[in-house]
1. With the condition kept exactly as written, say whether any residue in segment 171-192 is surrounded by 13 or more Cβ atoms within 10 Å (Cβ to Cβ), free of Cβ contacts under 8 Å to residues at least 60 places away in the same chain and in contact with a helix residue (DSSP H, G or I) (Cβ under 7 Å, 6 or more places away or on another chain).
2. Within segment 103-119, does at least one residue satisfy the condition of being part of a loop (DSSP other than H, G, I, E, B), buried (at least 17 other Cβ atoms within 10 Å of the Cβ) and either free of Cβ contacts under 8 Å to residues at least 12 places away in the same chain or in contact with a helix residue (DSSP H, G or I) (Cβ under 9 Å, 6 or more places away or on another chain) (or both)?
3. Go through 195, 227, 271 for me and flag whichever is without any contact (Cβ under 8 Å) to a residue 60 or more places away in the chain, buried (at least 21 other Cβ atoms within 10 Å of the Cβ) and under 26 Å from residue 351 (Cβ atoms).
4. Just checking, does segment 349-370 include any residue being more than 22 Å from residue 39 (Cβ to Cβ) and buried (at least 22 other Cβ atoms within 10 Å of the Cβ)?
5. With the structure loaded, tell me whether residue 14 is modelled with pLDDT of 95 or more, under 27 Å from residue 282 (Cα atoms), buried (at least 20 other Cβ atoms within 10 Å of the Cβ) and in contact with a helix residue (DSSP H, G or I) (Cβ under 6 Å, 6 or more places away or on another chain) or whether it fails that test.
6. Sort out which residues of segment 248-269 are closer than 25 Å to residue 341 by Cβ and out of contact with any strand residue (DSSP E or B) (no Cβ under 7 Å at 6 or more places or on another chain), and write them in order of number.
7. Only one residue in 133, 149, 164 is in contact with a helix residue (DSSP H, G or I) (Cβ under 6 Å, 6 or more places away or on another chain) and farther than 29 Å from residue 320 by Cβ. Which one?
8. Restricting segment 230-268 to residues that are assigned to a strand (DSSP E or B) and touching a helix residue (DSSP H, G or I) at 6+ places or on another chain (Cβ under 6 Å), which is surrounded by the fewest Cβ atoms within 10 Å (Cβ to Cβ)?
């Protein structure tokens, strides 16, 4: 039987900004011979991000930057996306949100008979407070969408809540550069705890300081903590750190480049992730790749999936006593700590850029009717 060959599919991804944890996935997708990929970025960078970004090896267009800030979110409005897509003439359009720019890209696909794919890292928890208009818009877009990509099981459950058929669900998980962490030689553990992320209220860095103080009191010794990042709460954090300096040695190295992260994580024992809202949290991937035990709240998308309670960390509500109990246990039970550390590295192995790209590729093939199996 003669084998049918197809021309590469022209795929457009319309997304907010270049994110360091997604650029390698786009590169892996672009390397697939079945895909001719072009990424359309709404903006080069949002004001609250300090990522160090390299030039990605993927065809890309930066739309004319235009956004407004509303309740801490950046809403992108790029009318030129229509003309940019018309020039590229994609077979498939993937949108990663519901900003006006994404909706224009969806309408372009609808108008031109182009297949459309929705991609999200949202979950039922992260979208629990959406207004009726936001949900109405999602239902309208989903009705004209051929395949759905989610970053986690939580994302797939979100789609299921809208009645999306299982055969159209695909996972493209969020991931860190595992290889960079695994290639880093073991170094001295200088810090009991590490926090990595933006210093903002929703990430709860002040909670970390209080937990560290109480652990020190419980252990009867001074503990050490490193804060990697920057943000609006830094002054408050430094003030609090000075107040508890007898119990906790606190280090503020500032914002770190990607290449510096393996060494910083590797110098710590426990990663604290007390977020009040986070669809996933790639910092959890980084911590696991470095072999750390993780303390995380249930509202993080990675909780229960990458970080499993009692397996490679503890999933805990924001209760100081419970966090202190868990941290104290990990710092005093060597065998448990080693077991959690080993399990973190085992669990993160499947979270690779290549696997994430495979999920996107399968969604593209499903959208155009070339996918013959339907794994989630």
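The values are calculated or read from the model by the stated rules, or taken from the named source; none is laboratory data. Since we're looking at a predicted model, the values are computed, not measured. Positions of Cβ are backbone-derived with ideal geometry, glycine not excepted, and every protein chain shown enters the neighbour counts.
1. Looking through segment 171-192, none of the residues is surrounded by 13 or more Cβ atoms within 10 Å (Cβ to Cβ), free of Cβ contacts under 8 Å to residues at least 60 places away in the same chain and in contact with a helix residue (DSSP H, G or I) (Cβ under 7 Å, 6 or more places away or on another chain).
2. Yes: one or more hits.
3. Going through 195, 227, 271 in turn, just one is without any contact (Cβ under 8 Å) to a residue 60 or more places away in the chain, buried (at least 21 other Cβ atoms within 10 Å of the Cβ) and under 26 Å from residue 351 (Cβ atoms): 227.
4. No, the conditions are met nowhere in segment 349-370.
5. On the way: modelled with pLDDT of 95 or more: yes; under 27 Å from residue 282 (Cα atoms): yes; buried (at least 20 other Cβ atoms within 10 Å of the Cβ): yes; in contact with a helix residue (DSSP H, G or I) (Cβ under 6 Å, 6 or more places away or on another chain): yes.
Here the answer is yes, as residue 14 does meet what is asked.
6. Filtering segment 248-269 down to residues closer than 25 Å to residue 341 by Cβ leaves 248-251, 253, 256-269.
Scanning segment 248-269 gives 257, 258, 259, 260, 261, 262, 263, 266.
7. Values: 133 fails: in contact with a helix residue (DSSP H, G or I) (Cβ under 6 Å, 6 or more places away or on another chain); 164 fails: in contact with a helix residue (DSSP H, G or I) (Cβ under 6 Å, 6 or more places away or on another chain).
Step by step, each of 133, 149, 164 is checked, and only 149 is in contact with a helix residue (DSSP H, G or I) (Cβ under 6 Å, 6 or more places away or on another chain) and farther than 29 Å from residue 320 by Cβ.
8. So, considering only residues that are assigned to a strand (DSSP E or B) and touching a helix residue (DSSP H, G or I) at 6+ places or on another chain (Cβ under 6 Å), the one surrounded by the fewest Cβ atoms within 10 Å (Cβ to Cβ) is 250.
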